[in-house]
Ligand code: HEC
């Protein structure tokens, strides 16, 4: 009886070992744990360490915020990097158009801009932020920035433009070129 119990434990332990062995790290599916942003991660984004203020190609005031420094070298932004762009239209922050990109890493967005999630946000004067929609950048979303797409002041796909910036890990602003100190 005792021996049977002991054998059962041994079998259970070796089975666990087998399961682990079926998914060797770095092989097959990308099982890297992703950074998945919540609305609270964007709270008070205007206080993030990197902030750029200028006008866009239509002369509208925009700001770009990044939660950490632009990488000094390499080909990609680090997992967990959050970037927000505000188009400061209307009569206050509640009216602004607010876009974000977050580096989730892992297998996310493998068919588009690998690792990046694209979000539309609504910023409130309290500093809080609401997520309006999110995805891998391949879906149609509200977008009215100045554009390489003729007449596109309605809806567009984030990757229509960001897909062209593959040489800078899909980040478009010249201030955020890898190796640049804004
Ligand atoms: C029509 C082209 C275009 C589309 C579509 C577009 N973007 Fe951008 N985006 C830009 C450009 C150009 C910049 C650089 C800042 C600037 O000059 O406006 C930028 C900058 C950004 C930034 C700051 C980081 C960076 O890449 O420089 C974020 C975040 C962002 N966009 C998110 C989005 C999201 C989310 C969508 C889809 C809802 C989107 N963008 C769709 C052109 C576009």
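Out of the residues in the range 133-150 that are more than 6 Å from the ligand (Cβ to nearest atom) and part of a loop (DSSP other than H, G, I, E, B), state the one that is modelled with the highest pLDDT. It comes out as 136. Just one of the listed residues (91, 40) is surrounded by fewer than 12 Cβ atoms within 10 Å (Cβ to Cβ) and part of a helix (DSSP H, G or I), namely 40. Taking each residue of the range 49-78 that is on the phi > 0 side of the Ramachandran plot and looking for partners that are away from the ligand (no atom under 11 Å from the Cβ) with beta-carbon atoms closer than 9 Å, six or more apart or interchain, yields 74/178; 74/179.
Taking the range 151-180 as the range and being modelled with pLDDT under 95 and near the ligand (Cβ under 7 Å from one of its atoms) as the test, the residues that pass are 152, 156, 157, 158, 160, 161, 162.
The one condition from (1) within 11 Å of the ligand (Cβ to nearest atom); (2) closer than 20 Å to residue 180 by Cα that residue 57 does not meet is (2). Filtered by the rule that a residue be more than 22 Å from residue 136 (Cβ to Cβ) and either out of contact with any strand residue (DSSP E or B) (no Cβ under 9 Å at 6 or more places or on another chain) or part of a loop (DSSP other than H, G, I, E, B) (or both), the range 94-117 gives 95, 96.
The values are calculated or read from the model by the stated rules, or taken from the named source; none is laboratory data. These numbers come from a predicted model, not from an experiment. Here Cβ is always computed from backbone atoms with ideal geometry, including for glycine, and neighbour counts include all displayed protein chains.
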